[in-house]
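The values are calculated or read from the model by the stated rules, or taken from the named source; none is laboratory data. On a predicted model such as this, the values are computed, not experimentally measured, just so you know. Reconstructed Cβ throughout: ideal geometry from the backbone, glycine too, with neighbour counts over all protein chains shown.
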There are 2 protein chains.
Amino acid sequence: MARVTLKDVATASGVSIATVSFVLNDAAGQTIPAATRDRVRRAAAELGYVPHGMARALREGTSRLVLLNTAGLPPGGSLRSFIEGLEDELDQHGHALLVRHGTGRSGSLRRVVEAAAPRAVIDLAGLYAGTGTDVDDGGWIDGLAAHTATQIGHLASRGHHRLALALPDDPRLARLASLREAHTRQIAEALGLAESVVIRVGDDRAAHRDALDSHPGVTAVAAFDDDTALRVLSGTNRTDLAVIGFDETPHGALWKPSLTTVRIDAAGYGRRAARRALGHDAGDAPVQASRVIVRESA
Amino acid sequence: MARVTLKDVATASGVSIATVSFVLNDAAGQTIPAATRDRVRRAAAELGYVPHGMARALREGTSRLVLLNTAGLPPGGSLRSFIEGLEDELDQHGHALLVRHGTGRSGSLRRVVEAAAPRAVIDLAGLYAGTGTDVDDGGWIDGLAAHTATQIGHLASRGHHRLALALPDDPRLARLASLREAHTRQIAEALGLAESVVIRVGDDRAAHRDALDSHPGVTAVAAFDDDTALRVLSGTNRTDLAVIGFDETPHGALWKPSLTTVRIDAAGYGRRAARRALGHDAGDAPVQASRVIVRESA
DNA sequence: GATGCTAGCTTAAGCGTTTTAGTGCAGCTG
DNA sequence: CAGCTGCACTAAAACGCTTAAGCTAGCATC
């Protein structure tokens, strides 16, 4: 049950550990005949050799881990798919995902970074709260304008002219919310719609119901995400109101009326984020365009 | 920006790296005067020394990572809170959480394990699917009987006598589902209720609606989890039916009727799982008893 | 005044890798 | 046949840490 190391493979195949390392890593600039390569590879497979990530990390100065910091970000819609895509792609390149949901003290992120020496850090929390730095989410934010256009476009095509934009009042989503607001304004203007009303949606249903009621001219609500959309639906007593979500969650389909929403290829963005984190070219990880899932609510 | 190592701290405080290591780890059996300790600790703090987890892992044979394998387990209710508790407690003991949602090939789990040399593996996926081994979920499963009693007890106290148990047809939850079934039967019997009916809830609403309709004597449904409960509510046309969820999710409160459910201290179990993973005594990580969140649906 | 004991250190090995700098040998060149 | 080149490797250092073993000075003991 003990760990199989390079040394074991080396003795088994009658060469030095250096040679084994060269063979298994396909090291460039080494002239090793096919016969030897075969022997080594066979031995490695037979013994079930798996490189020791920590040893490698020590030597190379950086581990094959990528750290994702979500720091208490609400689980909203796609986070899970995003993570799946991310993990999948990392896997494919021999890396693993280290997650910090870390509701705790922010200083501890630094500690984890130094202790785990990750290859890269994806700091969604910072990115979405606006305190962010130069980290990368695979273009998620970049795609936001297009996805917003998908959402608003649908309402426009249904003949709605005066919209409300429902944003969450969660400070952790502050930056995303203000981006969405800007995009919505831009697109509404481009489509020749009336200026949209912004309502804040939190735990207090009465608050956003009142906000909506005070704008009777509004016929449709574009929500920040499905969760926000469901809160709007749940809070309002106007049955004529069209509501569209964003970033599909499974629950929306169960609702009455079932929630029309925008499906975003979160896994695709996850894969892209992974590629960028590893320094690969992101171009070849395609992301599908967002599209409207038409159901009953809009 | 280069990494601060033991060596740096050693030179700064005028001792050897061994001494520094002893001081910083409070090594037993070493006689080091307070003056020296202070000097070392001060230097470490000043330089911002953070131990290199990988180096330590190499030396100690095991890293300060704990691997959680959820392997595509549906995000159901408490998983997130569980993870938060887990991570929080691990943090407190200088460990970090490595997550594999790993929808992919199961063999890759082994690879990750060998590559990351985690201190422990928590294999929820295996545990809940029934293929599980001797891993530990902090007593989550052990507590299941009690939580089920909370749920069924509520229905009984409301005068319901003939129940349906709504289980998901997701094979990944097979073991959990059958456990819940067993517990429900036991408790129902103990409470003197009529034998309960089991219905399977999947994506096809008509199926479980029909199943329910064919048992008109059933006045209440105890669901496997909130998601299942919402599917039942969404599928049925019987307004008199009482439905209670399990393992509270945020969405239930928004529903009409709002979902009565059982709140479980998932974070507590997470913390326990962490303690057990680290080999601490789990006893001193208290878990709150489950309790019913009474809303409109039951 | 040799011996032993303790306090307060230091030395050095070793964890499993990667990688630089060789080494020995065969074959070819001039 | 000395010198060179290319092949097929190997030796050894280094990454940062822990820890067993050792070492020295100072003091107490007989």
Problem set entry | Answer residue from region A:281-293, given it is touching a residue at least 40 places away in the same chain (Cβ under 8 Å) and either outside any helix (DSSP H, G or I) or within 13 Å of chain B (Cβ to nearest Cβ) (or both) and is nearest to A:ASP91 (Cα to Cα) among those | A:ALA285
Seminar exercise, completed: Quick count over region A:56-72, residues being assigned to a helix (DSSP H, G or I) and crowded, with 24+ Cβ neighbours inside 10 Å, is 1
Problem set entry | Complete set of residues in region B:5-26 that are in contact with a helix residue (DSSP H, G or I) (Cβ under 7 Å, 6 or more places away or on another chain), within 24 Å of B:HIS93 (Cα to Cα) and either among the basic types (Lys, Arg) or surrounded by fewer than 18 Cβ atoms within 10 Å (Cβ to Cβ) (or both) | B:ILE17, B:SER21, B:LEU24
For this session: Would you mind stating whether B:ASP170 is within 18 Å of the chain's Cα centre (by Cα) and acidic (Asp, Glu)?
Result: no
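In this structure, does A:ALA222 turn out to be surrounded by fewer than 19 Cβ atoms within 10 Å (Cβ to Cβ) and not charged (D, E, K, R)?
Numbers: surrounded by fewer than 19 Cβ atoms within 10 Å (Cβ to Cβ): no; not charged (D, E, K, R): yes.
Against the criterion (surrounded by fewer than 19 Cβ atoms within 10 Å (Cβ to Cβ) and not charged (D, E, K, R)), A:ALA222 does not qualify.
Quick check on my filter: what residues within region B:73-93 are part of a loop (DSSP other than H, G, I, E, B), at the interface with chain A (Cβ under 8 Å from one of its Cβ atoms) and touching a residue at least 24 places away in the same chain (Cβ under 8 Å)? Before the answer, list the steps.
Residues of region B:73-93 part of a loop (DSSP other than H, G, I, E, B): B:73-78, B:93.
Narrowing the set further to residues that are at the interface with chain A (Cβ under 8 Å from one of its Cβ atoms) leaves B:75.
Passing the criteria: none in range.
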Exercise. Pick from region B:13-53 the residues that are β-branched (Val, Ile, Thr) and over 21 Å from A:ARG111 (Cβ atoms): which of them is farthest from DNA strand D (Cβ to nearest atom)?
Worked result: B:THR36
For this session: Specify the residue that is farthest from the other protein chains (Cβ to nearest Cβ); the eligible residues are those in region A:234-249 that are surrounded by fewer than 24 Cβ atoms within 10 Å (Cβ to Cβ) and not in a loop (DSSP other than H, G, I, E, B).
Result: A:ALA242
Seminar exercise, completed: Reported set for region A:9-46 where residues are touching a residue at least 12 places away in the same chain (Cβ under 8 Å) and among the hydroxyl-bearing types (Ser, Thr, Tyr) is A:SER13, A:THR19, A:SER21, A:THR36
For this session: Sort out which residues of region B:94-122 are modelled with pLDDT under 85 and assigned to a strand (DSSP E or B), and write them in order of number.
Result: B:VAL99, B:ARG100
Problem set entry | Among (1) within 16 Å of A:GLU114 (Cα to Cα); (2) free of Cβ contacts under 8 Å to residues at least 40 places away in the same chain, the one test that B:TYR49 misses | (2)
Seminar exercise, completed: Those residues of region B:250-266 that are within 14 Å of chain A (Cβ to nearest Cβ), out of contact with any Lys or Arg (no Cβ under 8 Å at 6 or more places or on another chain) and surrounded by fewer than 23 Cβ atoms within 10 Å (Cβ to Cβ) come to a total of 1
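Quick check on region A:1-24: of everything there that is within 10 Å of DNA strand C (Cβ to nearest atom), β-branched (Val, Ile, Thr) and in a loop (DSSP other than H, G, I, E, B), which residue is farthest from the other protein chains (Cβ to nearest Cβ)? Walk me through it before giving the result.
Restricting attention to region A:1-24, the residues satisfying the condition of being within 10 Å of DNA strand C (Cβ to nearest atom) are A:2-10, A:16-24.
Of the ones still in play, those that are also β-branched (Val, Ile, Thr) are A:4-5, A:9, A:17, A:19-20, A:23.
Retained after the next criterion (residues that are in a loop (DSSP other than H, G, I, E, B)): A:4-5.
Values: A:VAL4: 9, A:THR5: 11 Å.
Checking each candidate, the answer is A:THR5.
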Seminar exercise, completed: Matching residues in region B:211-227 (touching a residue at least 40 places away in the same chain (Cβ under 8 Å) and in a loop (DSSP other than H, G, I, E, B)) number 6
For this session: Spot the failing condition for B:SER63; the list is (1) more than 7 Å from every other protein chain (Cβ to nearest Cβ); (2) under 29 Å from the mean Cα position of the chain (by Cα); (3) within 14 Å of DNA strand D (Cβ to nearest atom), and only one is missed.
Result: (1)
